[in-house]
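J.: This is the structure I have questions about; it appears just below.
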Number of protein chains: 2
Amino acid sequence: MSAPTTPGTAVADLLGLVAFGELLAFERMAGDARLAPDLSRRAALSEMAAAEIANYRRLADRLTALGVPPEEAMEPYVGPLQAYHDSTEPRDWAEVVTKAYVGDAITDDFMREVADALDEPDRQLVLEVLHDSRYAEFAAAEIRVAVAADARVADRLSMWARRLVGEALSQAGRVAAERATLTALIAQGDRVDVPGLFRRLTAAHTARMAAVGLNN
Amino acid sequence: MSAPTTPGTAVADLLGLVAFGELLAFERMAGDARLAPDLSRRAALSEMAAAEIANYRRLADRLTALGVPPEEAMEPYVGPLQAYHDSTEPRDWAEVVTKAYVGDAITDDFMREVADALDEPDRQLVLEVLHDSRYAEFAAAEIRVAVAADARVADRLSMWARRLVGEALSQAGRVAAERATLTALIAQGDRVDVPGLFRRLTAAHTARMAAVGLNN
């Protein structure tokens, strides 16, 4: 795949990635709701999922305004993102909330950094579709409850979180290799410092793990 | 189960039914999105699903305001509604949209009729959580496309729709038998005419089937 590296293409590439990420996160979280231990938690996860679809709509509308059909902008990411979710299917509620907590936060940190490489109004749009922090707090509280109930759960969830990050990085590498325009946007001049970006993402991830009693 | 037949209980019973119906419709439609033939249809179904969860939130808030924990009001319906969905798992996109078209419309007709037995503000709330008609139009258009592409599809979907209605009625009977307060509300004096109700629901269903080229 070697589309011309025009700014417009790079922006559509990024918005397409974020849009499909939202669409798939919606589907997976909605599906994971069946693992909730009671009806109020089940509803809470469904409401978290529904927030993603509202964000999807905003991104799809922006792509349409840029003259790019959303499905075209999303298509290149179907394989890698689907592979990520297929390889990280949660088996119980503790894994569901850990996936939401770890995965959403890393994605949000990444988007926040990359947004700096965008011009307005896309910069603002990407910043606005970041997850509401009350969802992270809900997931963090659920992890703490699971860890408090059984000390061995901390080890199991720590391993699970490492697997989530490993799978995410592996698919991110696949996207980076295939989507030159996107990589060019991220590495654009001095606007995003790539080694620094990975250092910051890792540091924030480590701090978040510690905050819920998991080890990195 | 024989809770006292106070008006408050009956209203909570009905709101609990509608709330859990929304929650489960959300989960099932979100899960069915994976059967969509392309990304725009997949997103369209996810957006239809997300509308249900917004309605769920309104009903849950009203139950809380009435002093009834939403999970308590929903609990009696978990078995029957889950059984309905488990026994009507769509196998392809045409079955997904037929289920949305047939199931949502009958449920909406039923709620519209029953709302008449409620006092304000619950009457208005139930009327407001009825499905947006553009979703019915989307589903109807998809059925017409499927039927036009292959004449045998009409027979298969007609049979599928009959099964949906059969399973729905069987679970509705189970709910009616178990929830005396709810049945009392529906049959309350001359406010809802039960035989007339079923006649009207059936007539509307038959008309809808004909509108998309299916037979009853």
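The values are calculated or read from the model by the stated rules, or taken from the named source; none is laboratory data. Everything numeric here is computed off the predicted structure, so don't read it as measured data. FYI the Cβ positions are ideal-geometry reconstructions off the backbone, even for glycines, and counts take in every protein chain you see. Heavy atoms of the whole protein, side chains included, go into the accessibility calculation; ligands, DNA and RNA do not. Shrake-Rupley method; radii C 1.70, N 1.55, O 1.52, S 1.80 Å.
J.: Restricting the first residue to the range B:36-47 and requiring it to be within 7 Å of chain A (Cβ to nearest Cβ), which pairs with a second residue that is hydroxyl-bearing (Ser, Thr, Tyr) meet a Cβ separation below 7 Å and a spacing of at least six or different chains?
T.: B:Ala43/A:Tyr56
J.: Let me ask something else about it. Which condition does A:Ala54 not pass, out of (1) open to solvent by 20 Å² or more (accessible area, probe 1.4 Å); (2) more than 19 Å from A:Ala176 (Cβ to Cβ); (3) more than 13 Å from chain B (Cβ to nearest Cβ), if it passes all the others?
T.: Answer for A:Ala54: the failing condition is (3).
J.: Could you list all residues from the range B:129-149 that are in a helix (DSSP H, G or I), within 14 Å of the chain's Cα centre (by Cα) and touching a residue at least 40 places away in the same chain (Cβ under 8 Å)?
T.: B:Tyr135 - this is the single residue of the range B:129-149 that is in a helix (DSSP H, G or I), within 14 Å of the chain's Cα centre (by Cα) and touching a residue at least 40 places away in the same chain (Cβ under 8 Å).
J.: Right, another one. Here are B:Ala140, B:Ala60: which of them is open to solvent by less than 50 Å² (accessible area, probe 1.4 Å) and more than 14 Å from every other protein chain (Cβ to nearest Cβ)? Please lay out each step first, then the result.
T.: Values: B:Ala60 fails: more than 14 Å from every other protein chain (Cβ to nearest Cβ).
Only one candidate passes the filter, namely B:Ala140.
J.: Restricting the range A:63-72 to residues that are within 14 Å of another protein chain (Cβ to nearest Cβ) and not hydrophobic (A, V, I, L, M, F, W, C), which is least open to solvent (accessible area, probe 1.4 Å)?
T.: To start, the set of residues in the range A:63-72 that are within 14 Å of another protein chain (Cβ to nearest Cβ) comprises A:63-64, A:68-72.
With the extra rule that they be not hydrophobic (A, V, I, L, M, F, W, C), the set shrinks to A:64, A:69-72.
Working: A:Thr64: 84, A:Pro69: 51, A:Pro70: 18, A:Glu71: 69, A:Glu72: 124 Å².
By that ranking, first place goes to A:Pro70.
J.: If you take the residues of the range A:150-162 that are part of a helix (DSSP H, G or I) and not hydrophobic (A, V, I, L, M, F, W, C), which of them is least open to solvent (accessible area, probe 1.4 Å)? Can you show your working first?
T.: Initially, the range A:150-162 is screened for residues part of a helix (DSSP H, G or I), giving A:151-162.
Cutting the leftovers down to not hydrophobic (A, V, I, L, M, F, W, C) gives us A:152, A:155-156, A:158, A:162.
Details: A:Arg152: 175, A:Asp155: 97, A:Arg156: 85, A:Ser158: 1, A:Arg162: 107 Å².
Only one residue tops the list, namely A:Ser158.
J.: Now a separate question. Looking at this structure, is B:Arg91 in contact with a helix residue (DSSP H, G or I) (Cβ under 6 Å, 6 or more places away or on another chain) and basic (Lys, Arg)?
T.: On the way: in contact with a helix residue (DSSP H, G or I) (Cβ under 6 Å, 6 or more places away or on another chain): no; basic (Lys, Arg): yes.
When the stated conditions are applied, B:Arg91 does not pass them.
J.: For the range A:73-103, which positions are more than 15 Å from A:Phe20 (Cα to Cα), open to solvent by less than 20 Å² (accessible area, probe 1.4 Å) and small (Gly, Ala, Ser)?
T.: Residues satisfying the conditions are A:Ala94, A:Ala100.
J.: Return only the number of the condition from (1) in contact (Cβ under 8 Å) with a residue 40 or more places away in the chain; (2) assigned to a helix (DSSP H, G or I); (3) of a type outside the set (Lys, Arg) that A:Gly173 does not satisfy.
T.: (1)
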